[in-house]
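The values are calculated or read from the model by the stated rules, or taken from the named source; none is laboratory data. All of these numbers come straight from a predicted model, not from anything done at the bench. A quick note on method: Cβ atoms are made from the backbone with ideal geometry, for glycine too, and the neighbour counts reach across all protein chains shown.
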Amino acid sequence: MNKSADLNLEVRGLKDTLLVMEGIDKSFPGVHALDHCKFELRAGEVHALVGENGAGKSTLMKILTGVYKKDEGKVIYKGKEIELNGTKEAQELGICIVHQELNLMPHLTAAQNMFIGREFTGKNKLFVNDNEANKRAQALFDAMNLKLDPKAKVGKLTVAMQQMIEIAKALSFDSQILVMDEPTTALTESEIDELFKMINHLKAKGVGIVYISHRMDEIKRITDRITVMRDGTYVDTVNTQETDIQQVINLMVGRTIYETANEHNYTDLNEVVLEVKNLNRGKAIKNVNFKLYKGEILGFSGLMGAGRTEVARAIFGADKYETGEIYVKGQKVTILRPEHAVGHGIGYLSEDRKRYGLTLGETVEQNIALACIDKYTNKLGFTDMSSVTATSKDYIEKLSIKTPGPKQKVKNLSGGNQQKVVIAKWLLRDCDILIFDEPTKGIDVGAKSEIYKLLSQLAKEGKSIIMISSELPEILRMSNRVIVMCEGRITGELDINSASQEEIIKYATKREA
Amino acid sequence: MEKKSIFNAANAQKFLAFGALIILLIFFTLASPFFLTFDNIVSIMLSTCVNGILALGIIFVIITGGIDLSIGTVMTFSSVMAGVTITNMGMPIWFGVIIAILTGAFFGFVSGTVISRLKLQPFIATLGVMMITKGLSLVVSGTKPIYFSDTPSFRKIAAGSILKFGAEGKYSVPNGIFVFLVMAVIAAVILNKTKLGRYNFAIGSNEEATRLSGVNVAKWKTAIYALCGAFAGMAGIVMAARLDSAQPALGAGYELDAIASVVIGGTSMVGGEGTILGTVIGAFIISTLTNGLKVMGVAQEWQIVITGCVLVLAVLLDTMRKRGNK
C-alpha cells in the first residue's frame, strides 16, 4: 500500500483516502472466493479492478456494497470501520453499485425506479408523491446534462439510458463511492463517450469510482490506477499512466506456467465434419466462419458475453440465427430446432447442466436413455427397462462414472460424474459432433482431469469436439486449435503450438475499431 | 414522443377491452330486442358486482406475478361469518360487515405469509386456503344457509336503491352497483397513489431488484394478499345481501371468473402491469356476454363454451399486441 501511495503522490498529488479494504476473506460452500484481499480507493479517482473471470472482483465489490457479508477483514470508509447489513445501509452511507445486469423495474418510470424504497409521501405517509419524485429526478438529470423524461417507462429506454438512470439513482443517494461493473458491455461507441463524460464529471466532484472491466483500451483511457486480482487474491496496484497493457495482462494471468502440455495428439486435419459460414444474429453473432475437423478439439475462448454460447446455441438450433449456412460432413443442413441438430449428430452440453442437461430427481439410467427412449420402447409404448439398465451399465463402465449403480439418482452424484452422465446421454444418441459449453464449470480439480481424459479419448475415437471455456489453461491444454471471440466476432484463430494466454487475452479484448 | 398517438401500448390495452365491450353491446342490441332495456342493463350491472369486487382484489396479487385461488371460498366464509355475527349473535349490521372484511383480510394474510415468508408457491398455498375456507364455511354454518330475516335492511346493501328517477321511482339503480364502483375507486387510488401500489408493480416487474433496493418485499407481498382477501370479504357482503342469506356451499369457481375478468382487462399473468379500469371493463365484458347470450336464448351450457373462447381470444390478442410492440 505504501508503494502505491507513493506512486500516487507523484502523479496525482495527495488525495483523500476514501476507502480501505483489508484482509477481506470470503468463502462459499466449496469455493474460497476471496483470500485476504485488499483494495484502496481515493476520492476523485477512477480505480480499475481487473482480473480473469472468477478472480473475485465481483465478490469483493458485493462485499463493499452490502450484498454479501465478509467472513474476515476490515472495511474502513472515511476513516471509520463499517459493518454492512444489506444494500440499503451501504446506499445510505453513499456506497452504490451499478450492476452489470441492471437492477431496474422495467414497468416503472425512471423517477419511480430512482426513488424506490424511499418514496416521497405526504404528511399522512399514505400516498406517494410522484410529482416530487419527477421534479427531483429532473433536477438530477439536468445536473447530469441528461436529456431524459423522468416519466418515461424504463423498459422502453435503451440500455445506455437505463444505465444512466442507475447512475442517477446512485447520485441521488449522494454517493461517495460508485462501483461500475462492466458498464460498457452493452453500449455503443458514442454512448461510451457519454458515459466517460459522466465519469469525468463525477470524478471532478470528488466521487471515488471503482471501474470493473475487461476492456484494456477503456481502462487505459479512463482510469487513474489499476488493481489486479487473480484467483481470489490481491496481486498488485499500479498507476495507469506508467503501465502498458501487456504488463497488466501478465499480472492478470500470473507468471506461473501451466506445466501440463497439450494432452491430445491429433493426426490430421483432413475431414471437415462441420462448417459454419457467415453466421449472423444481431449484435450477438457477427459474421462467424469456422471449420471443425474430424477427431479434433476446437477450443472457443473469449470473455463472458463474447458470443461463444450464442454461436453454439445457434448451431444446435436452440436459438434462431438470421443469416448463415451450416454444413455437416459437406452437406448443407437446415437447423431450426434442437431435434434437427440431433438428427445430424450434433449434441450440445450446456454450461448449466443442472438446468438444461439433466433431470436431477431421476436415476442415472433414466437420464442416459432420455434422449433416445424410442430405441427401447415397443409399439405399445412400453419401455424395456432391463435393456436400458444394461446399456447404462456399459456407459457407466466406459466413462467410469462413479455411482453405486444405474438406479442411483443423479442429484446424489458429484458434479464431475453428473457431467459424465450428460456425455453418456449424447453418446448413446450417436452424436459425432459434441459441443461442450464450460465442461468443467463447478467441478473440482480431480474430476476435471478425468473429464479432460474423457474428451481426449472421445476425440481419438473420431468424435469432433467444440469446447467453449473461459479458463485459459484448460483451452491451452485441451485444444488443437483455438478460436477467440470478442463481441460476437471471431477475432483470432490460433494454432495450439503458437498460442499463449497473453495472445488469447489480446484477441479476446480486441474491440471493433 | 408519448403524445404522438393515443394508440400507444398503455392505451391500446384499455382500448382493446373497451372496444370489445362496445362491440358486444352493439351486437346484442341488434341481436335481441330485450337486451337494451333499462331493467336488463341494471341486471347486467348487478350481476357484475360480486365478480367485479373479487377481480378488483385479485388484480393486486396478479400484478405481483402471483395468483390467489382462495378468493371464491374466502368470500363465502366471510359471508358466513357476517351471517353468524348479525343473525346468530344479533350484532349490528356494520359490525358484521367489518367482521366479514377482517375475515377475508385474515385469510389473505395467511396466504401471503405462507407465500412470502415460507416461500410456498402461490398456487399451492392458496389452493390449501381455498379448501380450508370451503370446509370452514360448512362447519361454521352447520351446512345450512344463514338467512338475514331479522335484519331486513341488510339486503339493501345490494338490492336497495339510493338512486331512483322517473315517475314514482320507476327506474331505480341498485346499491350493489355503487358499492362496486366505490370499491373500484378505492382500488384505483391504492394501486396508483400509494406505496403499496408502487411496490406492487415493482415486485411484479423485478422482485430481486426491488429487494436489492431495500424494500421489505415479504412484508409488502403479505399486505397485498391481505388486501386481496379484504376485497373478497367485501364481495362476500354484497353476495349475501343479494341472496339475503349466507350460502355456505356457494363460492368455489368464482375465483376463476375473477381471474378471467382481470386477464380480459389486459393484465398480464406474468406480473408488473395492469389497470383497475381494464379490470372493471373485463368484469363487465363477462357479465354482458353471459347476459346477452341468455337474452338471445342461447343454452346455458353453450354460454360457458363461448365465454371460454372469448377468454382465450382476448389473451391471445393481448399477447400478439405485446409481441408486435417489441
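Below is a table of values for the structure above.
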read-out: All positions within the range B:53-93 that are out of contact with any helix residue (DSSP H, G or I) (no Cβ under 8 Å at 6 or more places or on another chain) and closer than 14 Å to B:ALA240 by Cα; value: B:THR87
read-out: Single residue of A:ASP130, A:ASP149 found to be facing chain B (nearest Cβ under 10 Å) and surrounded by 19 or more Cβ atoms within 10 Å (Cβ to Cβ); value: A:ASP130
read-out: Unique match (being surrounded by fewer than 23 Cβ atoms within 10 Å (Cβ to Cβ), more than 10 Å from chain B (Cβ to nearest Cβ) and free of Cβ contacts under 8 Å to residues at least 40 places away in the same chain) among A:LYS80, A:LYS38, A:LYS70, A:LYS74; value: A:LYS80
read-out: Residue count for the range A:31-72, restricted to those that are touching a Lys or Arg at 6+ places or on another chain (Cβ under 9 Å), assigned to a loop (DSSP other than H, G, I, E, B) and hydroxyl-bearing (Ser, Thr, Tyr); value: 1
read-out: Failed item in (1) surrounded by 15 or more Cβ atoms within 10 Å (Cβ to Cβ); (2) assigned to a helix (DSSP H, G or I); (3) touching a strand residue (DSSP E or B) at 6+ places or on another chain (Cβ under 9 Å), with A:ILE373 passing the rest; value: (1)
read-out: Candidate set from the range B:290-304 (those that are of a type outside the set (S, T, N, Q) and in a helix (DSSP H, G or I)); member that is modelled with the lowest pLDDT; value: B:ILE304
read-out: Unmet criterion (only one of (1) within 22 Å of A:LEU148 (Cα to Cα); (2) within 10 Å of chain B (Cβ to nearest Cβ); (3) at pLDDT below 90; (4) in a loop (DSSP other than H, G, I, E, B)) for A:ILE97; value: (4)
read-out: Residue within the range A:158-174 that is under 25 Å from A:LEU60 (Cβ atoms), in contact (Cβ under 8 Å) with a residue 24 or more places away in the chain and part of a loop (DSSP other than H, G, I, E, B) present; value: yes
read-out: Test: A:LEU187 is in contact with a Leu (Cβ under 9 Å, 6 or more places away or on another chain), modelled with pLDDT under 85, of a type outside the set (Phe, Trp, Tyr) and surrounded by fewer than 19 Cβ atoms within 10 Å (Cβ to Cβ); value: yes
read-out: Residue among B:PHE95, B:PHE77, B:PHE60 that alone is without any contact (Cβ under 8 Å) to a residue 12 or more places away in the chain, in a helix (DSSP H, G or I) and either farther than 28 Å from B:ILE203 by Cβ or in contact with a Leu (Cβ under 6 Å, 6 or more places away or on another chain) (or both); value: B:PHE95
read-out: Flag if A:VAL159 is within 14 Å of chain B (Cβ to nearest Cβ) and under 21 Å from A:ILE222 (Cα atoms); value: no
read-out: Strands (runs of 3 or more DSSP E) enclosed by the range A:279-360 - at least 1 residues per element that are among the hydrophobic types (A, V, I, L, M, F, W, C), assigned by TED's automatic domain parsing to the domain that holds A:THR491 and free of Cβ contacts under 8 Å to residues at least 12 places away in the same chain; value: A:331-333
read-out: Residue match in the range A:489-505 (condition: assigned to a loop (DSSP other than H, G, I, E, B), in contact with a Pro (Cβ under 8 Å, 6 or more places away or on another chain) and either buried (at least 19 other Cβ atoms within 10 Å of the Cβ) or among the β-branched types (Val, Ile, Thr) (or both)); value: no
read-out: Subset of the range A:334-359 that is at pLDDT below 80 and farther than 19 Å from A:ASP430 by Cα - its residue that is surrounded by the most Cβ atoms within 10 Å (Cβ to Cβ); value: A:ARG353
read-out: Residue list for the range B:133-161, filter: touching a Phe, Trp or Tyr at 6+ places or on another chain (Cβ under 7 Å) and either outside any loop (DSSP other than H, G, I, E, B) or among the aliphatic types (A, V, I, L, M) (or both); value: B:THR133, B:LEU136, B:SER137, B:PHE154, B:ARG155
read-out: Residue count for the range B:205-217, restricted to those that are assigned to a helix (DSSP H, G or I), closer than 13 Å to A:PRO106 by Cβ and at the interface with another protein chain (Cβ under 7 Å from one of its Cβ atoms); value: 3
read-out: Conditions (1) surrounded by fewer than 24 Cβ atoms within 10 Å (Cβ to Cβ); (2) at the interface with chain B (Cβ under 7 Å from one of its Cβ atoms); (3) more than 26 Å from the chain's Cα centre (by Cα); (4) of a type in the set (S, T, N, Q): number failed by A:ASN85; value: (2)
read-out: Per-region count, the range A:100-113, residues among the aliphatic types (A, V, I, L, M) and either on the phi > 0 side of the Ramachandran plot or within 9 Å of chain B (Cβ to nearest Cβ) (or both); value: 4
read-out: Qualifying positions in the range A:402-425 - surrounded by 14 or more Cβ atoms within 10 Å (Cβ to Cβ), without any contact (Cβ under 8 Å) to a residue 40 or more places away in the chain and not in a loop (DSSP other than H, G, I, E, B); value: A:GLY415, A:GLY416, A:ASN417, A:LYS420
read-out: Tabulated pairs, the range B:31-56, first of a type in the set (A, V, I, L, M, F, W, C), second not in a helix (DSSP H, G or I), C-beta under 6 angstrom, 6+ apart or interchain; value: B:ALA31/B:MET296; B:PHE38/B:TYR171; B:LEU46/B:PRO174
read-out: Contacts under 9 angstrom Cβ, first residue in the range A:365-377 being closer than 18 Å to A:TYR348 by Cα, partner surrounded by fewer than 20 Cβ atoms within 10 Å (Cβ to Cβ) and of a type in the set (Phe, Trp, Tyr), 6 or more apart; value: A:ALA369/A:TYR376
read-out: Which numbered condition A:GLN163 fails, given (1) assigned by TED's automatic domain parsing to the domain that holds A:ASP16; (2) crowded, with 19+ Cβ neighbours inside 10 Å; (3) of a type in the set (S, T, N, Q); value: (1)
read-out: Yes/no for B:ASN200 being within 14 Å of chain A (Cβ to nearest Cβ) and surrounded by fewer than 16 Cβ atoms within 10 Å (Cβ to Cβ); value: no
read-out: Verdict on A:ILE116 being within 11 Å of chain B (Cβ to nearest Cβ), crowded, with 17+ Cβ neighbours inside 10 Å, part of a strand (DSSP E or B) and touching a helix residue (DSSP H, G or I) at 6+ places or on another chain (Cβ under 9 Å); value: no
read-out: Residue that is modelled with the highest pLDDT [pool: residues in the range B:144-162 that are under 25 Å from the mean Cα position of the chain (by Cα) and among the polar types (S, T, N, Q)]; value: B:SER153
read-out: For B:VAL189: the one exception among (1) within 13 Å of chain A (Cβ to nearest Cβ); (2) touching a helix residue (DSSP H, G or I) at 6+ places or on another chain (Cβ under 7 Å); value: (2)
read-out: Sole exception among (1) within 10 Å of chain B (Cβ to nearest Cβ); (2) of a type in the set (Gly, Ala, Ser); (3) surrounded by fewer than 20 Cβ atoms within 10 Å (Cβ to Cβ) for A:ALA139, by number; value: (1)
